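The values are calculated or read from the model by the stated rules, or taken from the named source; none is laboratory data. Since this is a predicted model, take the numbers as computed values, not measurements. Neighbour counts are summed over all protein chains in view; Cβ atoms, including those assigned to glycine, are modelled from backbone coordinates with ideal geometry.
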There are 2 protein chains.
Amino acid sequence: MCELLAMSANVPTDIVFSFTGLVERGGVTGPHVDGWGITFYEGKGSRTFKDACPSSQSHVAQLIKSYPIKSEIVISHIRQANRGCVSLENTHPFTRELWGRYWTYAHNGQLSDYQNKFTLGRFQAVGDTDSEMAFCWILEQVVAKFGDTPPENMDEVFIYIASLADEIRQLGVFNMILSDGIDLMAYCTNNLCHITRRAPFGKATLIDTDVVIDFQKETTPDDVVTVIATRPLTNNEQWQVLSPGDWRLFRKGNIRLSHSVEK
Amino acid sequence: MCELLAMSANVPTDIVFSFTGLVERGGVTGPHVDGWGITFYEGKGSRTFKDACPSSQSHVAQLIKSYPIKSEIVISHIRQANRGCVSLENTHPFTRELWGRYWTYAHNGQLSDYQNKFTLGRFQAVGDTDSEMAFCWILEQVVAKFGDTPPENMDEVFIYIASLADEIRQLGVFNMILSDGIDLMAYCTNNLCHITRRAPFGKATLIDTDVVIDFQKETTPDDVVTVIATRPLTNNEQWQVLSPGDWRLFRKGNIRLSHSVEK
């Protein structure tokens, strides 16, 4: 499988601390050696760094750890290949433009019998993963429903995407992170959790490597920063664990929409 | 204006030498301080590094100079803003997916009265440059003509794109680099030149900084590497200078299609 990491914040924030924990899972504390990638939104623009080699050995990952890029939305993924070979075109996150925005997506999980479902036309996969096909299919459905201009209320779009994710989840494990550069969506099938840090800030200790951060020193009192991950990255904080079918929509670090499946 | 750099090669080749010359023009020997970017194709995949700060001061550019990424197609651009503010979303190269391929584009020049011409629907600009709008308009026209699947002979597509570039050139200066990951197109309005290096390889000296390379030591006898640039990057080689309306299509370092305007 793979590991996901994402961030939504109300001020441009660097993700060096969390990313430092994640990359250890790419070959040191975890088996996810088949590539990694990270997308930073800066305003309407975005940039993605990716490598088809293990994150723990990647020159580019070293840069990301040493050069704090400040961003309000980040999506990252480290890969353990199941569907599709190890190659740059199969490395998450994937990005497509729709409605004059860059949509970025990463998936953890594995799908079966998806070829017939994911009929594609306008959006086509470049690589050969189930993940990228699912992303393209979602965008196809969104365009089929809403057309070439977005509705006034973007919540409608994300609620519709959640219903599409419910369908995809019938085909296997589908933990998804998706953003249009404004909102950040997290959809859970089995492994996804999140934490929101706000004042008063404390210290946090990474699980995967020997690093402690004092957020008090790195933040201002108004900062709100949510981090989403496959598994908790720190061992002294309370992460919220999502249940199958749960999803959240974050904007500027805060929950904007929350859906929890009744138990 | 801006400066363009591109490469087409028959073996994965690093562009560190040429890029080292280019980045000097981003704040040292040239005035192009409003961002820079570089796209590497590796197989069907591609990755783009970009920064809205001057290339000569960029941490990410330092990485590209020190970490040789081997690629068969590279497109790079350093920006001196004329249309559109200095921001990541306005930083070239731009990429869109079409027909299951990543199309990457960079533009040098400036257009006028383009708003009415560039009516967009499926492909929309994220930033506010004339360059990105021209790119989206080209893709719109290509889809309008060829539909959701590419023709068997991709030459038809590039010949059609050249006719679109002829139209755009009526609006101002349009020097363009475009690739679908297989072919690399160079279209000239006023400043574009290229050089093809093949055996026997010699030495080359950069104009913009004190670097000499002996390609003999870096290559094998079968290598064919074409470099395209706004202005020659070396002072001891013979660069081919394109005339207004000229264009070339390169594949694996060799010219595949060549169009020269009659003089």
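Data table
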| item | result |
| --- | --- |
| Which listed residue is touching a residue at least 12 places away in the same chain (Cβ under 8 Å), farther than 29 Å from B:Asp222 by Cβ and either within 10 Å of another protein chain (Cβ to nearest Cβ) or surrounded by 24 or more Cβ atoms within 10 Å (Cβ to Cβ) (or both), from B:Asp34, B:Asp51 | B:Asp51 |
| Scope the stretch A:37-48; condition under 15 Å from the mean Cα position of the chain (by Cα) and either surrounded by fewer than 24 Cβ atoms within 10 Å (Cβ to Cβ) or not small (Gly, Ala, Ser) (or both); matching residues | A:Ile38, A:Thr39, A:Phe40, A:Tyr41, A:Arg47, A:Thr48 |
| The listed residue being within 11 Å of chain B (Cβ to nearest Cβ), in contact (Cβ under 8 Å) with a residue 12 or more places away in the chain and in contact with a helix residue (DSSP H, G or I) (Cβ under 7 Å, 6 or more places away or on another chain), out of A:Arg101, A:Arg83, A:Arg96 | A:Arg96 |
| Meets criteria (charged (D, E, K, R) and farther than 20 Å from B:Ser8 by Cα) for B:Arg169 | yes |
| Test result for A:Phe250, out of contact with any helix residue (DSSP H, G or I) (no Cβ under 6 Å at 6 or more places or on another chain), crowded, with 18+ Cβ neighbours inside 10 Å and aromatic (Phe, Trp, Tyr) | yes |
| Where A:Phe17 falls short, out of the listed (1) of a type in the set (A, V, I, L, M, F, W, C); (2) free of Cβ contacts under 8 Å to residues at least 40 places away in the same chain; (3) surrounded by fewer than 24 Cβ atoms within 10 Å (Cβ to Cβ) | (2) |
| Scope the stretch B:202-223; condition of a type outside the set (S, T, N, Q), in contact (Cβ under 8 Å) with a residue 60 or more places away in the chain and touching a strand residue (DSSP E or B) at 6+ places or on another chain (Cβ under 8 Å); matching residues | B:Ala204, B:Leu206, B:Ile207, B:Val211, B:Ile213, B:Asp222, B:Asp223 |
| Pairs, first in a loop (DSSP other than H, G, I, E, B) in the stretch B:188-201, second of a type in the set (Phe, Trp, Tyr), C-beta under 6 Å, six or more apart | B:Thr189/B:Phe174; B:Phe201/B:Phe215 |
| Among the residues listed as A:Gln57, A:Gln115, A:Gln124, A:Gln62, the single one being modelled with pLDDT of 95 or more and among the polar types (S, T, N, Q) | A:Gln124 |
| Of all residues in the stretch B:1-44 being outside any strand (DSSP E or B) and of a type in the set (Val, Ile, Thr), the one that is nearest to B:Met185 (Cα to Cα) | B:Ile15 |
| Selected residue (criterion: nearest to B:Glu3 (Cα to Cα)) from residues of the stretch B:104-137 that are surrounded by fewer than 20 Cβ atoms within 10 Å (Cβ to Cβ) and touching a residue at least 60 places away in the same chain (Cβ under 8 Å) | B:Gln110 |
| Top-ranked residue of the stretch A:54-80 - restricted to ones that are within 8 Å of chain B (Cβ to nearest Cβ) and closer than 19 Å to B:Glu42 by Cβ, ranked as surrounded by the fewest Cβ atoms within 10 Å (Cβ to Cβ) | A:His59 |
| Condition check for B:Lys117: of a type in the set (Lys, Arg) and either under 17 Å from the mean Cα position of the chain (by Cα) or within 13 Å of another protein chain (Cβ to nearest Cβ) (or both) | no |
| When residues of the stretch B:224-247 are limited to those that are touching a residue at least 60 places away in the same chain (Cβ under 8 Å) and among the small types (Gly, Ala, Ser), the one surrounded by the fewest Cβ atoms within 10 Å (Cβ to Cβ) | B:Gly245 |
| Per-region count, the stretch A:9-31, residues away from chain B (no Cβ under 14 Å) and closer than 25 Å to B:Thr91 by Cβ | 6 |
| The stretch B:120-133: number of residues that are under 16 Å from the mean Cα position of the chain (by Cα) and closer than 20 Å to A:Arg122 by Cα | 1 |
| Number of the exception - B:His32 against (1) under 16 Å from the mean Cα position of the chain (by Cα); (2) within 18 Å of B:Ala134 (Cβ to Cβ) | (2) |
| Only one of A:Glu140, A:Glu42, A:Glu89, A:Glu72 that is farther than 26 Å from A:Asn153 by Cα and acidic (Asp, Glu) | A:Glu89 |
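Quick grid of which residues meet (1) under 26 Å from A:Gly30 (Cα atoms); (2) among the small types (Gly, Ala, Ser); (3) at pLDDT 95 or above:
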| site | (1), (2), (3) |
| --- | --- |
| A:Phe201 | no, no, no |
| A:Thr209 | yes, no, no |
| A:Gln216 | no, no, no |
| A:Thr226 | yes, no, yes |
| A:Arg231 | yes, no, no |
| A:Asn235 | yes, no, no |
